[in-house]
């Protein structure tokens, strides 16, 4: 009976989403000056590149040549695959082309500033038993000061390799989702389910399935980068596998944790388009006051990026604590069985 109770408790040992968010907020305010310094020095260039690329991709006219070519290529691929013409696929084509354009435009900043920010934040939140006692906090020992440049530089190759592998995994997840959509619409066409109602129902179901698949893949890839920055000697596929094991049975919690920070970044991008891009199109130039507002919005976006990294680090730490609790609860029972 004691073993069954221990297993049931261990199965729910990971902190819920609200507890992880509270711990992440506590860690952020405990090292507020250090984390905001990381946001201003490392995450801000990446955020500025993302905001500018998003504004260029969302511009009605003239759209960048690369974006127009990418949209035309996706339209041809969807038509060749046999997807029926519908508002869902038109919206998916537009959003996917904008996402790919933004990813490609901000890729140099992501491979440098963003990864350095992730390595820096992970080093600040890493448990270090060898740190001096005067620098330790009761719960978060590593937020007393910024990490040494050598520690960040040593973690960067593993973080870079894991990030590149995660980009290929995201591409594979999108390809798999589109393949499943193609099979679903092909089966519906063979069964004669080609009415407007069936097309709308399949489009809605496909949107939900696509969002879940891409969301889970993004959560795993982001957590894998945190694993690579936290665990020495763990990079690439090993970090991805460890991230998959960590979120086993906690996928809903991981998705719930990714929602607030992503909503914050989306709100910053929308605010940038409303306050900065709209004024630039209306007046033909960027006023000094609006330029200062653009800098403030980019800084808010950078703070959201840092908060996302902190949440991922705290969530991974809670998953490790849950696995350690499972091992501690199983070990006495095994010893008792041997003595008996």
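Please list 279-285, 108-114, 232-238, 47-53 highest first by mean number of surrounding beta-carbon atoms within 10 Å per residue.
Details: 279-285: 11.3, 108-114: 18.0, 232-238: 15.1, 47-53: 22.6.
Taking the mean over residues of other Cβ atoms within 10 Å, the ranking is 47-53, 108-114, 232-238, 279-285.
Want the number for residue 244 to residue 262: 0.36 nm per residue separation, take away the alpha-carbon distance, what's left?
Length gained, residue 244 through residue 262: 4.4 nm.
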Once the Cβ-Cβ distance between residue 212 and residue 112 is put in as r, and R0 is 22 Å, what FRET efficiency do you end up with, to the nearest 0.05? 0.10
Label points 7 Å out from Cα along the Cβ direction at residue 91 and residue 172: separation in nm? 3.0
Dimensionless Rg/Rh of the range 32-325 - Kirkwood Rh, Rg from C-alpha atoms: 1.01
Can you sort 297, 310 so the residue with the fewest Cβ neighbours within 10 Å comes first? 297, 310
Full-stretch length increase - residue 321, residue 282 - with 0.36 nm per residue and alpha-carbon distance subtracted: 8.7 nm
Quick check on packing: order 204-211, 221-228 by the mean number of other C-beta atoms within 10 Å, highest mean leading. 221-228, 204-211
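Relative to the present Cα-Cα distance, how much length would full extension add between residue 193 and residue 37 at 0.36 nm per residue of separation?
50.5 nm
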Over the range 32-325, calculate the relative contact order: mean separation of alpha carbon pairs under 8 Å at least 6 apart, over the residue count, as a percent. 25
What FRET efficiency comes out for residue 66 versus residue 29 if R0 is 51 angstrom and r is the Cβ-Cβ distance? Round to the nearest 0.05. 0.80
Throw me the Rg/Rh for the range 225-281, computed over C-alpha atoms with Kirkwood Rh, two decimals. 1.25
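What's the ranking of 257-269, 166-178 by average number of surrounding C-beta atoms within 10 Å, highest first?
My ranking of the peptides, most packed first, is 257-269, 166-178.
Here, each number is a calculation from the coordinates, and none is a lab measurement. Please read all numbers here as calculations on a predicted model, not as lab measurements. Quick reminder, even Gly has a Cβ in these numbers, built from the backbone with ideal geometry, and neighbours come from all protein chains shown.
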